[in-house]
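> A single structure is presented below for examination.
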Amino acid sequence: MKKLFTLFAALVTMVAVNAQSVDYECGGFIDNEQNPISDLYISLDEDLSVNIVVINNGPDELAAGDSLLMDVSVQGLTLASGGYSYAEMSQQNLLTVGTPWIAQLGLFDAATMQQYAQYFPDEFELCITMRLKNATDTDPSNNQGCVMVHRGDVGIENIAAGEINVYPNPACSEIHIDNAAG
């Protein structure tokens, strides 16, 4: 029994010595042009994909065996989890302290959201919460980012080519618009 306890204590000490202190921050959601957003508009037949900014504020980098995990919640209910292993982050050069990167997350397809409409109403809050496996997070207060998702009519009508005509091009002081009703 004493040998088992000694082995257990040695393993705990080894894990504690190898544990890294990091502060992965969720820098918020951005659009495809890398502008910060607080609202995301998608149509009912559009899949839900997001871009979030992630940065390691240090002081350390993740060590082999550590992972950055992300929980995805809708209206406070965690619906999915995923993440990046040390090996994946190392291959993509995503470990460097102070260097932000964009995580592109394909979350839910349109058919799934339609099938589970009770979880995906016309408007809902989507949150990504980051956590670490094995490493110590020095500031968990900055691990979550949220965005309001609006599903349905995005307010843009499709206009067939040629229905509207704007001329002359280029213009200096006056333009003409044909078929501009509405």
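The values are calculated or read from the model by the stated rules, or taken from the named source; none is laboratory data. Bear in mind the structure is a predicted one, so any value in this text is a computation, not a measurement. Cβ placement follows ideal geometry from the backbone for every residue including glycine, while neighbour counts extend to all protein chains displayed. Ligands, DNA and RNA are stripped out before the accessible areas are found, and what is left, the full protein with its side chains, is counted by its heavy atoms. Shrake-Rupley method; radii C 1.70, N 1.55, O 1.52, S 1.80 Å.
> Specify which of the listed residues (Ala87, Ala63) is open to solvent by 40 Å² or more (accessible area, probe 1.4 Å) and among the hydrophobic types (A, V, I, L, M, F, W, C).
Ala87
> Looking at region 70-84, which of its residues are assigned to a strand (DSSP E or B) and farther than 17 Å from Asp137 by Cβ?
Matches in region 70-84: Val72, Ser73, Val74, Leu77, Thr78, Leu79, Ala80, Gly82.
> Also: Does at least one position in region 102-110 carry a residue that is out of contact with any strand residue (DSSP E or B) (no Cβ under 6 Å at 6 or more places or on another chain) and open to solvent by 20 Å² or more (accessible area, probe 1.4 Å)?
Yes: region 102-110 contains one or more residues that are out of contact with any strand residue (DSSP E or B) (no Cβ under 6 Å at 6 or more places or on another chain) and open to solvent by 20 Å² or more (accessible area, probe 1.4 Å).
> Another question, if that's okay. Out of Gly162, Gly152, I need the residue that is modelled with pLDDT of 75 or more and open to solvent by less than 100 Å² (accessible area, probe 1.4 Å). Which one?
That would be Gly152, the only listed residue that is modelled with pLDDT of 75 or more and open to solvent by less than 100 Å² (accessible area, probe 1.4 Å).
> Contact list please: Cβ distance under 6 Å, first residue in region 61-88 and in contact (Cβ under 8 Å) with a residue 60 or more places away in the chain, second residue hydroxyl-bearing (Ser, Thr, Tyr) and assigned to a strand (DSSP E or B), pairs at least six apart or on different chains.
Close Cβ pairs satisfying both conditions: Ser67/Ser85; Leu68/Tyr24; Leu68/Tyr84; Asp71/Thr78; Asp71/Ser81; Asp71/Thr129.
> Report, by residue number, each residue of region 28-54 that is touching a Gly at 6+ places or on another chain (Cβ under 9 Å), closer than 11 Å to Ala103 by Cβ and either open to solvent by less than 20 Å² (accessible area, probe 1.4 Å) or at pLDDT below 95 (or both).
Result: Phe29, Val50, Ile52, Val54.
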